[in-house]
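Here is the structure we will look at, set down as structure tokens.
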Amino acid sequence: MKPLMFLAAASWMQVICGVSFPELYTIGTNYQIGLDMGRTFRGMIEEFYNQSSSLAKVTQFIQTDAGKQYYTGYLDTVKKVFPEYVSELTGLADGAGVSFTQAFSMMISSEIKAVMKLKGAQSCSDVYLADQQIAIGHNEDEDPLLKERAFMVHATVVSEAGDIVENFTAYTYAGSLSGNAFSFNGDGKVFTVNALYPDVVEANKIPRYFMNRALMRVKSQKDLENLLDGLGVGVAYAFNLNYADIRNSSSILTNYEVSPVSGVSGNLVTKATVARRSVSGVDTTGHYYHFNMYEHTNISQIPKDIVSSQHRKARANQLPPPADVSGVTFILGDQGDSQYPIYRTPRPSDEEATIATGIFVLDSCVLMVFKSNPRTTTRPITTINLPHGIMCGQ
């Protein structure tokens, strides 16, 4: 990439149509990107850190002897594997005026909750489509506190010499680095991420939020699969990745289930081609659903953490299969299961909320983002152009 002629960070923010959905545009080193995020969203970060009961339990645990061992082991690992993202998180903490310990606790919260056997968020639903249109739709389900404390980040990361090393757009939680929700990068790679809940969590490996952050730098499917294999270290806790490449003419949509393996410096990765448009006589899969439980990997799961997923999957299979994007929004906006709906709002049986919906319309090269139910909302809160690619005929 041609070097940029500056080293100071540059940023600006816009608010869509007066609605509370900010988008941050930022250019700089990893530290400067983090600093921009921290400064810009300082109020949101402080509020979430102060109000989140689950994060409070995590920060309390890391003060115990056992918790300190996990914290130190994860930090030492990330410093070796992803020092640039430690720098980015340091910038975020500095900008927000919070401690690095708080910010790092947020980034290892999936692992620590699993260690503490706290109930997981059972978060996110995905619908793949390869029929009349090609799309991936994603409900981002999380702590209801994040519904008004999340935003889009459009980042260009440069080296100290000014070379562009990453370019991405990501839906991002206040107080966290980008990458663990829905996103795309300048090389035309599209990602949505779901939590998984195996009964194994590993110390001294890469926390999954840092692995998710590293997705933003992927330039090819080979790069992606090298990352998912664990970089000779392995991931500390599991996740599911939904992936597409709009610069690939095959119109293949791929699902990866990534899991830690005890005593092994690598991951168990199950790859499945789950939806594709008919190419040269190859049959169309048409559609596919993924929730917060394993579909392709034989692995023991935490029963209490997959109840919502079991309900959401059963309900999706009762609905008409999608043939176009309107069919995707129909499914992602469904509330037919009164206890554990696909589009979630807090209730006694299910405390989580759908905080946003992202729909990548791949054959049109756009991302539509909704903050309210996509089935009943007439238009997205924002529509973002994806990089030009073969899949959308550009």
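The values are calculated or read from the model by the stated rules, or taken from the named source; none is laboratory data. On a predicted model such as this, the values are computed, not experimentally measured, just so you know. Please note: Cβ atoms are built from the backbone with ideal geometry, for glycine as well, and neighbour counts cover all protein chains shown. Please note that ligands, DNA and RNA were not included when accessible areas were found on the heavy atoms of the full protein model with its side chains. Shrake-Rupley method; radii C 1.70, N 1.55, O 1.52, S 1.80 Å.
Going by the conditions given, is Gly232 part of a loop (DSSP other than H, G, I, E, B), at positive phi and open to solvent by 30 Å² or more (accessible area, probe 1.4 Å)? Can you show your working first?
On the way: part of a loop (DSSP other than H, G, I, E, B): yes; at positive phi: yes; open to solvent by 30 Å² or more (accessible area, probe 1.4 Å): yes.
Yes, satisfied.
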So which residues in the stretch 219-236 are in contact (Cβ under 8 Å) with a residue 24 or more places away in the chain and closer than 19 Å to Gly263 by Cα, if there are any at all? Leu228, Asp229, Gly230, Leu231, Gly232, Val233, Gly234, Val235, Ala236
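Looking at this structure, is Asp94 loosely packed, with under 14 Cβ neighbours inside 10 Å, of a type in the set (Asp, Glu) and over 20 Å from the mean Cα position of the chain (by Cα)?
Values: loosely packed, with under 14 Cβ neighbours inside 10 Å: no; of a type in the set (Asp, Glu): yes; over 20 Å from the mean Cα position of the chain (by Cα): yes.
Criteria not met by Asp94.
Considering only residues of the stretch 338-359 that are in contact with a Phe, Trp or Tyr (Cβ under 7 Å, 6 or more places away or on another chain) and surrounded by 21 or more Cβ atoms within 10 Å (Cβ to Cβ), which is nearest to Asn185 (Cα to Cα)?
First, the residues of the stretch 338-359 that are in contact with a Phe, Trp or Tyr (Cβ under 7 Å, 6 or more places away or on another chain): 349-350, 354, 356-358.
Next, from what is left, pick out any that are surrounded by 21 or more Cβ atoms within 10 Å (Cβ to Cβ): 354, 356-358.
Details: Thr354: 24, Ala356: 19, Thr357: 18, Gly358: 15 Å.
Out of the qualifying residues, it is Gly358.
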Being touching a strand residue (DSSP E or B) at 6+ places or on another chain (Cβ under 8 Å), surrounded by fewer than 24 Cβ atoms within 10 Å (Cβ to Cβ) and farther than 16 Å from Ile246 by Cβ is the filter; apply it to the stretch 127-145 and report the residue that is modelled with the lowest pLDDT. Asp131
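Quick one: is Arg375 charged (D, E, K, R), touching a Phe, Trp or Tyr at 6+ places or on another chain (Cβ under 6 Å) and part of a loop (DSSP other than H, G, I, E, B)?
On the way: charged (D, E, K, R): yes; touching a Phe, Trp or Tyr at 6+ places or on another chain (Cβ under 6 Å): yes; part of a loop (DSSP other than H, G, I, E, B): yes.
Answer is yes for this residue.
Of the residues Ala323, Ala314, Ala353, which is of a type in the set (A, V, I, L, M) and in contact with a helix residue (DSSP H, G or I) (Cβ under 6 Å, 6 or more places away or on another chain)? Steps first, answer last, please.
On the way: Ala323 fails: in contact with a helix residue (DSSP H, G or I) (Cβ under 6 Å, 6 or more places away or on another chain); Ala314 fails: in contact with a helix residue (DSSP H, G or I) (Cβ under 6 Å, 6 or more places away or on another chain).
Just one listed residue meets the conditions, Ala353.
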Does the stretch 178-201 include one or more residues that are open to solvent by 30 Å² or more (accessible area, probe 1.4 Å), of a type outside the set (A, V, I, L, M, F, W, C), outside any loop (DSSP other than H, G, I, E, B) and touching a residue at least 60 places away in the same chain (Cβ under 8 Å)? no
Mind checking whether some residue in the stretch 16-24 is modelled with pLDDT under 95, surrounded by fewer than 16 Cβ atoms within 10 Å (Cβ to Cβ) and part of a strand (DSSP E or B)? no
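Report, by residue number, each residue of the stretch 202-219 that is open to solvent by less than 10 Å² (accessible area, probe 1.4 Å) and either touching a His at 6+ places or on another chain (Cβ under 9 Å) or charged (D, E, K, R) (or both). Before you say what the answer is, go through the steps one by one.
Initial filter on the stretch 202-219 (open to solvent by less than 10 Å² (accessible area, probe 1.4 Å)): 206-207, 210-216, 218.
The one that is open to solvent by less than 10 Å² (accessible area, probe 1.4 Å) and either touching a His at 6+ places or on another chain (Cβ under 9 Å) or charged (D, E, K, R) (or both): Arg213.
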Unique match (being open to solvent by 70 Å² or more (accessible area, probe 1.4 Å) and more than 25 Å from Ala272 (Cα to Cα)) among Asn385, Asn317, Asn298, Asn373: Asn385
